[in-house]
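The values are calculated or read from the model by the stated rules, or taken from the named source; none is laboratory data. Fair warning: this is a prediction, and the values are worked out from it, not measured in the lab. Cβ placement follows ideal geometry from the backbone for every residue including glycine, while neighbour counts extend to all protein chains displayed. Please note that ligands, DNA and RNA were not included when accessible areas were found on the heavy atoms of the full protein model with its side chains. Shrake-Rupley method; radii C 1.70, N 1.55, O 1.52, S 1.80 Å.
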Amino acid sequence: HVRSAYQLGYMAQRGVGGKQNLTEANDYFKYSALNGDPYGMLAYGRNLVMGRGTAADVGSGIQFLSRAVEMGHTYAMNELGSMYLDGRGVEKNPERGARFYQAALDRGDIYAMNNLGLAYLDGAGVERDFETAMALFKKASDGGHPSAPNNIGRMYFGGKGVKEDVAKAMEWYRKGAER
C-alpha cells in the first residue's frame, strides 16, 4: 500500500521505532511517489532538492513536488512557495512563491494563510499590505495554526498596520505559547 510505504519512510526519516535511516526513508518515499502517492512525492521531492539521504537532484525533486501540486497537495504548494520565495534550490522568484501560497490558500490551508500573511507583512512577492497580513494571520489562528498568534502579537508589538499595543501583543503571544 503506497501510503503505508510513505508512513514507513516517515518513521525511518525520524527514527521512530528504530535508528534514523535517511536512505531507507527515501527508498520508501520513492516507492510511494512512483506509485502515485502525493505524500510520497512531497517527501521524496523535498529530499531530492535538499540532498537529504540521497544525492541532490533539484530538477527531479521539483518534478515530484510539481506532480504533488497538480494532484492538489497543499503541503507541496507551501513547499514550492517557500522555495521560490527564498530562492532555496531554485532561482528566487517571490511572485511565483506567493502564487503557490495562494493556490494552497484557495484550498483552505491554514499554513498557506500564515505563509501568505508573512509575504504580505514583508512585501515579499506581493505588495506589502498589513491589513491583509493581519486578516490572514487571524484566519490561520482561528483554524489552529501554531505560530499565527505569534505573528499577530508581533504586529501589535511593533505597531505594524495597527496601533502599537503591548497588552494585546502579550495576549496573542500567550495564545501562541499555549499551542
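Assess whether Pro38 counts as being touching a His at 6+ places or on another chain (Cβ under 9 Å) and of a type outside the set (Phe, Trp, Tyr).
Yes.
Looking only at segment 67-85, count every residue that is assigned to a loop (DSSP other than H, G, I, E, B) and not aliphatic (A, V, I, L, M) and tell me the total.
Going through segment 67-85 one residue at a time, the tally reaches 2.
Which residues, counting only those in segment 1-41, are among the hydroxyl-bearing types (Ser, Thr, Tyr), farther than 16 Å from Met71 by Cα and in contact (Cβ under 8 Å) with a residue 12 or more places away in the chain?
The answer is Tyr6, Tyr10, Thr23, Tyr28, Tyr31.
Run down Gly123, Gly81, Gly108 and say which single residue is open to solvent by less than 60 Å² (accessible area, probe 1.4 Å), within 13 Å of the chain's Cα centre (by Cα) and either on the phi > 0 side of the Ramachandran plot or not aliphatic (A, V, I, L, M) (or both).
Gly81
Could you say which residue among Asn47, Asn26, Asn21, Asn35 is at pLDDT 95 or above, closer than 21 Å to Gly81 by Cβ and of a type in the set (S, T, N, Q)?
Step by step, each of Asn47, Asn26, Asn21, Asn35 is checked, and only Asn47 is at pLDDT 95 or above, closer than 21 Å to Gly81 by Cβ and of a type in the set (S, T, N, Q).
Of all residues in segment 152-172 being of a type in the set (Lys, Arg) and more than 19 Å from Leu116 (Cβ to Cβ), which is most open to solvent (accessible area, probe 1.4 Å)?
Lys163
Go over the candidates Phe29, Phe64 one by one and state the one that is in a helix (DSSP H, G or I) and open to solvent by less than 30 Å² (accessible area, probe 1.4 Å).
None of the others qualify; the one that does is Phe29.
Against the conditions (1) out of contact with any Ser or Thr (no Cβ under 9 Å at 6 or more places or on another chain); (2) assigned to a loop (DSSP other than H, G, I, E, B), where does Arg88 fall short? Just the number, please.
So the condition that Arg88 fails would be (1).
Taking the condition among the aliphatic types (A, V, I, L, M) and touching a residue at least 40 places away in the same chain (Cβ under 8 Å), does Val58 pass?
So Val58 fails the test.
Being open to solvent by 30 Å² or more (accessible area, probe 1.4 Å) and under 8 Å from Thr74 (Cβ atoms) is the filter here; which residues of segment 111-120 pass it?
Passing the criteria: only Tyr111.
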